[in-house]
Amino acid sequence: MAFPRQRLRRLRQHGALREMVRETRLSPKNLVFPLFVVEGEGQRQPIPSMPGQFRWSIDLLVEEVAEVRALGIPAVILFGIPDRKDERGSSAYDPNGIIQRAVRAVKDQVPEVMLITDVCIDEYTSHGHCGIVREGHILNDETLECLRRMARTHAEAGVDMVAPSDMMDGRVGAIRDELDQAGFHEIPIMAYSAKYASSLYAPFREAAYSSPAFGDRRSYQMDPANAREALQEVALDVEEGADIVMVKPALPYLDIIRRVRDEVALPLAAYQVSGEYSLIKAAAERGWIQEEAVMLETLTAIKRAGADLILTYFAKDAARLLGERG
Ligand code: PBG
């Protein structure tokens, strides 16, 4: 019997020693900051259910991205909120659409940022679904055509990486083909591979006005009860040419992050989604938890579970804190 020779508390007595033996280190370099873009000028619209987050018009977005970059965060991911929505989400692949213009402006003025765009038509469709709808069904293969065009117009505008989030079958392969045919072989795809039909996207949908007008997203997003299926989704995306795979949401799905990490050699991203952010914000506003401590604990846990990259609305706050702590 080792006790009392082995006392694990010995290494916990001194702060400096704790730092030396720490297994997981969080850095601003791991983080990606999501941003919402709207039409207009001088717009910085607060999102009520996501305190501290805003919808930005392109002029102010550019300044915000520069600030994010100055905090040591390498990447941002953009979500477009168009003025015009229709059945087919056609403003998603308009060469002069909100995201295409935002990409041009950001790459022109903050070229050093890794600029990622979300590729999914739900913010652009009048019914709010991530695919073309016929008789109440979300059509898979017809939707792929929209996704191809959306990704290509983002590439033509100068985006650095595209991130399909719709969960249609075959979208990674379709987008890869389209980008390659158009000469964009060097633009990577970060696939939202295991994206669950989560209740934690509600604040995002308020922010992006993208709640489905009928039904829900369970015919395309994954059942939260399934884990093996996530591995299949990831394997298919890898086969289709994904460069980075993602699990989403993050904290309630740490087991999935770990399983994917153990099976796949590609970089793994995790998305700490809007509802995860809002839960922490709301409890902290009531004084029930300490915001900064919970933020760092959750981000560390997501990284410990195996995520290399974390998409999080806390990116700026975390980078500031990590910067201060060195
Ligand atoms: C779809 C998309 C969603 C999120 C990212 N991409 C919403 C959805 O699937 O309904 C949610 C992100 C979040 O909640 O922070 N374009």
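The values are calculated or read from the model by the stated rules, or taken from the named source; none is laboratory data. Only a predicted model underlies this, so the values are computations on that prediction, with no experimental measurement involved. Cβ sites come from the backbone with ideal geometry, for glycine too, and all protein chains shown count toward neighbours. These accessible areas exclude ligands, DNA and RNA; they are computed on the full protein's heavy atoms, side chains included. Shrake-Rupley method; radii C 1.70, N 1.55, O 1.52, S 1.80 Å.
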Within segment 235-326, trypsin sites (Lys or Arg not before Pro) in DSSP loop having at most 14 other beta-carbon neighbours inside 10 Å: R286
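Hey, got a sec? Which GluC sites (Glu not before Pro) in segment 218-279 land in a DSSP loop and have at most 11 other Cβ atoms within 10 Å? Spell out each step's value before the answer.
On the way: sites: E229, E233, E239, E240, E263, E276; in loops: E240.
Sites meeting the loop and neighbour criteria: none at all.
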Share of Cα-Cα pairs in segment 1-111 lying beyond 17 Å, as whole percent: 66 percent
Karplus-derived 3J(HN,Hα), 6.51/-1.76/1.60, for each residue of segment 44-54, Hz, glycine and proline x: 9, 8, x, 9, x, 7, 10, x, x, 10, 9
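Which FRET efficiency value, to the nearest 0.05, do you get for D180 and R228 by plugging their Cβ-Cβ distance into 1/(1 + (r/R0)^6) with R0 = 30 Å?
Plugging the Cβ-Cβ distance into 1/(1 + (r/R0)^6) gives 0.45.
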Within segment 237-259: backbone nitrogen closer than 20 Å to the A301 label point (7 Å, Cα to C-beta): 247-259
Accessible area of the chain belonging to carbon and sulfur atoms, whole % at 1.4 Å probe: 49 percent
Max mean-square fluctuation residue, GNM over the chain, Cα-Cα springs under 10 Å, options G170, G287, G183: G287
Formal net charge of residues neighbouring L144 (Cβ-Cβ distance under 11 Å; K, R +1; D, E -1): -4
Volume per residue that the Cα convex hull of the chain spans, once the total is divided by residue count, Å³: 153 Å³
Mean accessible surface per residue for the chain, computed with a 1.4 Å probe while every protein chain stays in place, in Å²: 46 Å²
Rg and Dmax [Cα atoms of segment 125-240; Å; Rg one decimal, Dmax integer]: 14.5, 40
Projected label distance in nm at R218 and E206, using a 7 Å step from Cα toward the beta-carbon: 2.4 nm
Most mobile listed residue (E23, E123, E87) in the chain, GNM with C-alpha springs under 10 Å: E23
Too-long pairs where the Cα-Cα distance tops 22 Å, listed order kept, from K85/K316; K29/K107; K248/K281; K85/K195; K107/K248: K85/K316; K85/K195; K107/K248
Top of T24, T117, T312 by mean-square fluctuation, Gaussian network on the chain, Cα under 10 Å: T24
Highest average packing first - 37-47, 185-195, Cβ atoms within 10 Å: 185-195, 37-47
Extension gain (nm, one decimal) between R10 and E67, 0.36 nm per residue minus Cα-Cα: 16.4 nm
